[in-house]
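Only the coordinates and a few stated rules stand behind these numbers; no lab work does. Note that the structure is a prediction, hence the values are computed from the model and not measured. No Cβ is skipped: glycine too gets one built from the backbone with ideal geometry, and neighbour counts run over all protein chains shown.
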4 protein chains.
Amino acid sequence: MNKEKTQAITSLKTAKGQIEGIIKMLEDDRYCVDISNQIIAAQSLLKKANILILRQHINHCVKEAIKEEKGDEKIDEIINILEKIIQK
Amino acid sequence: MNKEKTQAITSLKTAKGQIEGIIKMLEDDRYCVDISNQIIAAQSLLKKANILILRQHINHCVKEAIKEEKGDEKIDEIINILEKIIQK
Amino acid sequence: MNKEKTQAITSLKTAKGQIEGIIKMLEDDRYCVDISNQIIAAQSLLKKANILILRQHINHCVKEAIKEEKGDEKIDEIINILEKIIQK
Amino acid sequence: MNKEKTQAITSLKTAKGQIEGIIKMLEDDRYCVDISNQIIAAQSLLKKANILILRQHINHCVKEAIKEEKGDEKIDEIINILEKIIQK
């Protein structure tokens, strides 16, 4: 597994742990502003994981596909992801 | 527990399950664009949970604090959260 | 006019100038990545203006309405804006 | 000029008009929540323009560069833009 994927898994595992913590905070009736701040922190970890995944995807899969003259479909997929992310 | 908190827990549990699935997708070397799309879906669930938490917080805690003339601190907290969310 | 509104107008005037520049860049067939970066910069200025507007609105109008026991409607408006911003 | 660029200019001109309107709203001391909603609408137009610019850039410049075996630099630029947009 490449370095970016390993880092993405670390971010995702941390995010998962945070979300478990947030669920517990809700069950324990903890203060909502603290809960909201934890949700924002978990969102940042997901963003980080997404950047890592997309960066290595573009650097490996997309560039390779291009070399084999199969780049068009990969490029269309990147456009789709980009549109989704901008519109969020 | 109020309705919004119950719904937020449901969203968070679904997000947690998705993140477990995403980690497995990475370990199984699944296609990166599918992984990225799953991350975006998990982010939407966290956003939904955050809206639910903040809505009920403002409707209950903030309004109550205001009635007891202790609203100022709550209002400042809302401004802080709002700034964080806009800047993300 | 209060300080935040004056600062917001400055940000908005700068954003307006940037957008005029971006339109000219497109008409002059300038490099698209530079154009995209300029659009992102203009978006940051709009975010900054929105924070300034909302901060002073909450600090002045909302708090004042609360003191006059007319806070509920203002609070509902803040929830609506917050939901729009989170879902973007 | 291609269709996407023409549409982007239309969006940008509309955004510029909206921002002029927002500045006037501030000068006229109009209601802040209405101003904030107008800022959010202008942001949506900038997002739309950015999608149009990036879509045609990737479909034309990037694909062409790839065919001429000069794709690597273009791909790196796309990664940079993607990271900026995700982190916003």
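Does residue C:19 satisfy the condition of being under 19 Å from the mean Cα position of the chain (by Cα), more than 7 Å from chain D (Cβ to nearest Cβ), part of a helix (DSSP H, G or I) and buried (at least 21 other Cβ atoms within 10 Å of the Cβ)? Can you show your working first?
Details: under 19 Å from the mean Cα position of the chain (by Cα): yes; more than 7 Å from chain D (Cβ to nearest Cβ): no; part of a helix (DSSP H, G or I): yes; buried (at least 21 other Cβ atoms within 10 Å of the Cβ): yes.
No.
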The range A:27-40: number of residues that are among the polar types (S, T, N, Q) and either crowded, with 20+ Cβ neighbours inside 10 Å or more than 8 Å from chain B (Cβ to nearest Cβ) (or both): 2
Among the residues listed as D:12, D:82, D:54, the single one being in a helix (DSSP H, G or I), more than 7 Å from chain C (Cβ to nearest Cβ) and either hydroxyl-bearing (Ser, Thr, Tyr) or buried (at least 21 other Cβ atoms within 10 Å of the Cβ) (or both): D:82
Test: residue in the range B:27-39 that is under 18 Å from residue A:22 (Cβ atoms), in contact with a helix residue (DSSP H, G or I) (Cβ under 7 Å, 6 or more places away or on another chain) and in a helix (DSSP H, G or I): yes
Residue check for residue A:43: within 21 Å of residue B:16 (Cα to Cα), more than 7 Å from every other protein chain (Cβ to nearest Cβ) and assigned to a helix (DSSP H, G or I): no
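Return the total of residues in the range D:51-74 being over 19 Å from residue B:43 (Cβ atoms), without any contact (Cβ under 8 Å) to a residue 24 or more places away in the chain and within 19 Å of the chain's Cα centre (by Cα). Let's see the steps before the verdict.
Of the range D:51-74, the ones over 19 Å from residue B:43 (Cβ atoms) are D:52-74.
Applying the additional criterion that residues be without any contact (Cβ under 8 Å) to a residue 24 or more places away in the chain yields D:57-59, D:61-74.
Still in the list and also within 19 Å of the chain's Cα centre (by Cα): D:57-59, D:61-62, D:74.
Count: 6.
Taking the condition closer than 22 Å to residue D:10 by Cα and part of a helix (DSSP H, G or I), does residue C:24 pass? Before you say what the answer is, go through the steps one by one.
On the way: closer than 22 Å to residue D:10 by Cα: yes; part of a helix (DSSP H, G or I): yes.
The answer is yes for residue C:24.
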Long-range neighbours under 9 Å by Cβ, at least six apart or interchain, first residue touching a residue at least 40 places away in the same chain (Cβ under 8 Å) within the range D:17-46, second surrounded by fewer than 14 Cβ atoms within 10 Å (Cβ to Cβ) and in a loop (DSSP other than H, G, I, E, B): none
Top-ranked residue in the range D:57-79 [being within 21 Å of residue A:84 (Cβ to Cβ) and surrounded by 22 or more Cβ atoms within 10 Å (Cβ to Cβ); ranked as nearest to the other protein chains (Cβ to nearest Cβ)]: D:57
